[in-house]
Amino acid sequence: MPENATPTGESRLALVRRARKMYRELSELYPDAHAELNFTTPLELLVATILSAQCTDKRVNLVTPALFARYPDAEAYASASREELEEMIRSTGFFRAKANSLLGLGQALCERHGGEVPGNLTDLVKLPGVGRKTANVLLGNAFDVPGITVDTHFGRLVRRFGWTDEEDPVRVEHAIGELFPPKDWTMLSHRVVWHGRRVCHARRPACGACGVARWCPSFGEGPTDAATATKLLRMRSFA
């Protein structure tokens, strides 16, 4: 696609204006949007985010209270019994790989950062089990550093919205970052994800009950009559 082309064929300026109108509406719809993983410290959020891979936030939030009590700091993870750790996180799935990440994470934090979670992208992505998506979750929610978190919901919606046609998460991150000022990035991530979980579902979006439908080029992928669409809404908390 040419450098200045847009997925919908609209001008670049029109795309920016439309995207920002949609975000303003999402801000009205979800003023209290937030990370749905429970945490009180950067380390807790990092551990919870690692556990959330291929697992629901609800399940992770059931597991983490006992886990955080048992392993309150990086040193505790570094010296943890693998068997005990695996058993505590078993229900989150892929528990052996996740245990490897948590053990390695604790050791790396102790060896390189004095047991503290670093607050920058460069150091975070060098930690075991931490990719760019996880790092942006940490930066935006634990350190107030603007970041766009591209998970499956976010990627699906921004393509459905016609904001980008990129598939690679890093390319998506950069493409969306060019449409919005950095101050909006963290809350944009939350609000788009909330909309994806509650309204704009993967298989059957609730188009007829969608607050941003008037600006969405994909309107009609799901039921467009309000009565049918409203039955598809999932407005409960995922925390």
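The values are calculated or read from the model by the stated rules, or taken from the named source; none is laboratory data. Source: prediction; values computed, not measured. Note that we place each Cβ from the backbone using ideal geometry, even for glycine, and neighbour counts take in every protein chain shown. We work out accessible area using only protein heavy atoms, side chains counted, and drop any ligands, DNA or RNA first. Shrake-Rupley method; radii C 1.70, N 1.55, O 1.52, S 1.80 Å.
In the range 199-239, which residues are among the basic types (Lys, Arg) and under 20 Å from Ala19 (Cβ atoms)?
Arg214
Please go through the range 105-139 and give me each residue that is free of Cβ contacts under 8 Å to residues at least 60 places away in the same chain and within 14 Å of Ala35 (Cα to Cα), ordered by number.
Answer for the range 105-139, where residues must be free of Cβ contacts under 8 Å to residues at least 60 places away in the same chain and within 14 Å of Ala35 (Cα to Cα): Lys133, Ala135, Asn136, Leu139.
Conditions tested, residue by residue: (1) open to solvent by 70 Å² or more (accessible area, probe 1.4 Å); (2) small (Gly, Ala, Ser).
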position	(1), (2)
Ala5	no, yes
Pro31	yes, no
Glu36	no, no
Cys55	no, no
Arg59	yes, no
Leu62	yes, no
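Looking at Phe161 and the list (1) crowded, with 19+ Cβ neighbours inside 10 Å; (2) closer than 23 Å to Val125 by Cα, which single condition is not satisfied?
(2)
Among the numbered criteria (1) under 16 Å from the mean Cα position of the chain (by Cα); (2) open to solvent by 70 Å² or more (accessible area, probe 1.4 Å); (3) modelled with pLDDT of 95 or more, which one does Ala48 miss?
Checking Ala48 against (1) under 16 Å from the mean Cα position of the chain (by Cα); (2) open to solvent by 70 Å² or more (accessible area, probe 1.4 Å); (3) modelled with pLDDT of 95 or more, the one that fails is (2).
From the list Glu10, Glu28, exactly one residue is more than 29 Å from Thr56 (Cβ to Cβ) and among the acidic types (Asp, Glu). Which is it?
On inspection, the qualifying residue turns out to be Glu10.
Here is a yes/no grid of residues against (1) of a type in the set (Gly, Ala, Ser); (2) out of contact with any His (no Cβ under 9 Å at 6 or more places or on another chain); (3) within 23 Å of Asp73 (Cα to Cα):
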site	(1), (2), (3)
Glu116	no, yes, yes
Leu124	no, yes, yes
Val130	no, yes, yes
Lys133	no, yes, yes
Pro146	no, yes, no
Asp165	no, yes, no
Arg171	no, yes, no
Ala175	yes, yes, no
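Suppose we filter the range 83-119 for residues that are touching a helix residue (DSSP H, G or I) at 6+ places or on another chain (Cβ under 8 Å) and in a loop (DSSP other than H, G, I, E, B); how many remain?
Count: 5.
Taking Ala69 and the conditions (1) in a helix (DSSP H, G or I); (2) free of Cβ contacts under 8 Å to residues at least 12 places away in the same chain; (3) over 27 Å from Gly114 (Cα atoms), which numbered condition does it fall short on, given that it satisfies the others?
Result: Ala69 fails condition (3) only.
Output the residue which, of all residues in the range 28-59 that are outside any loop (DSSP other than H, G, I, E, B) and touching an Asp or Glu at 6+ places or on another chain (Cβ under 9 Å), is nearest to Glu86 (Cα to Cα).
Out of the qualifying residues, it is Ala48.
I want to confirm something. Restricting to the range 187-239 and keeping residues that are within 21 Å of the chain's Cα centre (by Cα) and polar (S, T, N, Q), which single residue is most open to solvent (accessible area, probe 1.4 Å)?
Top of the filtered list is Ser237.
Conditions: (1) in a helix (DSSP H, G or I); (2) touching a residue at least 24 places away in the same chain (Cβ under 8 Å). Gly147 meets all but one. Number of the miss?
(1)
Quick one: in the range 104-158, of everything that is hydroxyl-bearing (Ser, Thr, Tyr) and buried (at least 17 other Cβ atoms within 10 Å of the Cβ), which residue is farthest from the chain's Cα centre (by Cα)?
Taking the candidates together, the pick is Thr134.
Residues that are in contact (Cβ under 8 Å) with a residue 40 or more places away in the chain, more than 22 Å from the chain's Cα centre (by Cα) and open to solvent by 20 Å² or more (accessible area, probe 1.4 Å): does the range 78-96 have at least one?
Scanning the range 78-96, I find no residue that is in contact (Cβ under 8 Å) with a residue 40 or more places away in the chain, more than 22 Å from the chain's Cα centre (by Cα) and open to solvent by 20 Å² or more (accessible area, probe 1.4 Å), so the answer is no.
Take Thr64 and tell me if it is over 17 Å from the mean Cα position of the chain (by Cα), hydroxyl-bearing (Ser, Thr, Tyr) and farther than 30 Å from Gln107 by Cβ.
So Thr64 does not fit the description; no.
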